[in-house]
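Worksheet: the structure to be examined is printed underneath.
The values are calculated or read from the model by the stated rules, or taken from the named source; none is laboratory data. In this text the structure is predicted, and so the values were computed from the model without any measurement. Cβ coordinates were reconstructed from backbone atoms using ideal geometry, including for glycine residues, and neighbour counts include every protein chain displayed. Protein only, heavy atoms only, side chains kept; ligands, DNA and RNA dropped before computing areas. Shrake-Rupley method; radii C 1.70, N 1.55, O 1.52, S 1.80 Å.
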Amino acid sequence: MKQVGVLALQGAFREHIQMLELCGARGFEVRKLQELKRCEAMIIPGGESTTIGRLLVEFELLDPICNLAREGMPILGTCAGMVLLAENIIGSDQPRLGLMRVSVLRNAFGRQVDSFEARLDIPVLGPEPFPGVFIRAPYLEEVQPPAEALATFMGKVVMARQGRLLSAAFHPELTSDLRVHRYFLETVAGADV
Amino acid sequence: MVAAEKGTWTVKKGLAEMLKGGVIMDVTTPEQAKIAEEAGACAVMALERVPADIRAAGGVARMADPSIILKIMDAVTIPVMAKVRIGHFVEAQILEALGVDYIDESEVLTPADEEHHINKHEFKVPFVCGARNLGEALRRIGEGAAMIRTKGEAGTGNVVEAVRHMRLIMAEIRRVQNMPDDELMAFAKNIQAPYELVRQVKELGRLPVVNFAAGGIATPADAALMMQLGADGIFVGSGIFKSANPAKRARAIVMATTHYRDPEILAEVSRDLGEPMPGLEISSIRPEERMQDRGW
């Protein structure tokens, strides 16, 4: 059973752990270096990217996660996780992992009153649309190889992949659709890098 | 071809899910908002006065001036909440028009309606409401609150009431979980809560929405105490900007909320924080000045 650590500094980590269990993986909370070392893969959940970023620095997890990712540890980032994975965060110098060759715009669809749900076409997940839950969501302004866009909404990139890294602007963990988590565990995590 | 649906229950409740494990701080100026964001706050509450000052000033406390709220919204990228008086749905309409991210229908302000709370289903912006017990929490959720917090006793720097309210809510949830289905209706009647929501509590083993602690939290230890008692996150009102070193205390409370079960980290972050806010003994507050008794 795959051991998947969910970064639990702040945000919706509980929901990701439930999704992992439903997919037949073992999810556990990661707050410290010892817990990080047990990860075969990792999820960075939604939350506030400034809060999570600062706590990553404060508790000295930022560099260890980057090193593990460079050695091939798969990471899925949702919403704040997408922001933290991005190399460039437009208009911000906040702490980040910066692992994906993308430019991200925070709160790109507007404030909470503009948060929305929409059906998404995500070709890698099959023909059935995916229930997208966007909460003060970011999108990617720019995606450079080796990163590639996997889905768009209203012309904006809302899902991307780079080797064993996967990021989504929406929250699959707030739905009952397991396909993003399955795609991460079965396809992205096993990819050659 | 693509339709986006705004203000759904999922996105209202969802934002609160994203705030979990975090600290929401009361701020009265853009400078304070920046200090809070820099310290790792997951959201700020924009106010004209913190509860301790509202308590001291007396008189009628109302929604803050929109220009204060807008300045704070401009200063930070994290979500901005603001308070309206209980039952004052027009103040809520105004905050929604300003684009505030969350509305707190709060007992800290002077109630505008002594019988009815706001019908929160009517709004696209989500609401958080205070509660002292399970019945009160479920009535607020029934009216459309997408997030609950304990009332505690705001502006006192005294955590005792927040502890009382959190313990009571958790104890009632455990009771419901162990209750046979045929006793749920009478229980719902006794606590004056919607039956459907009581059933959901039994199934989930928790409230159907996120439940934060609020009202009197002043130290990292207070925050960790509330988390260990079952809170999903923390509101700190007067506790930060009424203390001697707000930036340091704010950071310490954020770290304590993340590592709430780790006494070594709690010991480390509790050191050298300077004077906390001065506290108030609850029995020294006249009954008519107790904020937690506002609303029902």
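Computed values, structure above
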{"quantity": "Residue count, the range A:93-131 (criterion: more than 15 Å from the chain's Cα centre (by Cα) and on the phi < 0 side of the Ramachandran plot)", "calculated": "25"}
{"quantity": "Enumeration of residues in the range A:144-193 that are of a type outside the set (Ser, Thr, Tyr), crowded, with 18+ Cβ neighbours inside 10 Å and in a strand (DSSP E or B)", "calculated": "A:Leu150, A:Ala151, A:Phe153, A:Val157, A:Val158, A:Met159, A:Ala160, A:Arg161, A:Gln162, A:Leu165, A:Leu166, A:Ala168"}
{"quantity": "Checking B:Gly152 against (1) under 27 Å from B:Asp53 (Cβ atoms); (2) free of Cβ contacts under 8 Å to residues at least 60 places away in the same chain, the condition it does not meet", "calculated": "(2)"}
{"quantity": "Unmet requirement for B:Ala137, which otherwise passes all of (1) under 19 Å from B:Met63 (Cα atoms); (2) surrounded by 24 or more Cβ atoms within 10 Å (Cβ to Cβ)", "calculated": "(1)"}
{"quantity": "Filtered residues of the range B:184-194 (kept if surrounded by 13 or more Cβ atoms within 10 Å (Cβ to Cβ) and in a helix (DSSP H, G or I))", "calculated": "B:Leu184, B:Phe187, B:Ala188"}
{"quantity": "Qualifying residue in the range B:93-111 (condition: surrounded by fewer than 23 Cβ atoms within 10 Å (Cβ to Cβ), within 15 Å of B:Met291 (Cβ to Cβ) and not hydroxyl-bearing (Ser, Thr, Tyr))", "calculated": "yes"}
{"quantity": "Filter result (in a strand (DSSP E or B) and within 7 Å of chain A (Cβ to nearest Cβ)) within the range B:1-23", "calculated": "B:Glu5, B:Lys6"}
{"quantity": "Helices (runs of 4 or more DSSP H) completely within the range B:198-275 that count 1 or more residues being under 25 Å from A:Phe13 (Cβ atoms) and without any contact (Cβ under 8 Å) to a residue 12 or more places away in the chain", "calculated": "B:263-269"}
{"quantity": "Positions within the range A:29-42 being in contact with a helix residue (DSSP H, G or I) (Cβ under 8 Å, 6 or more places away or on another chain) and within 14 Å of chain B (Cβ to nearest Cβ), in sequence order", "calculated": "A:Glu29, A:Val30, A:Arg31, A:Leu33"}
{"quantity": "Spans of strands (runs of 3 or more DSSP E) in the range A:14-114 with at least 3 residues surrounded by fewer than 22 Cβ atoms within 10 Å (Cβ to Cβ) and without any contact (Cβ under 8 Å) to a residue 40 or more places away in the chain", "calculated": "A:26-30"}
{"quantity": "Residue match in the range B:153-164 (condition: closer than 30 Å to B:Ser243 by Cα, outside any strand (DSSP E or B) and in contact with a strand residue (DSSP E or B) (Cβ under 7 Å, 6 or more places away or on another chain))", "calculated": "yes"}
{"quantity": "Pairs with Cβ under 7 Å, 6+ apart, first in the range A:147-159 and of a type outside the set (S, T, N, Q), second at pLDDT below 95", "calculated": "A:Phe153/B:Val2; A:Met154/B:Val2"}
{"quantity": "Counted residues, the range A:115-143 - those being open to solvent by less than 10 Å² (accessible area, probe 1.4 Å), more than 7 Å from chain B (Cβ to nearest Cβ) and either touching a Cys at 6+ places or on another chain (Cβ under 6 Å) or not in a strand (DSSP E or B) (or both)", "calculated": "3"}
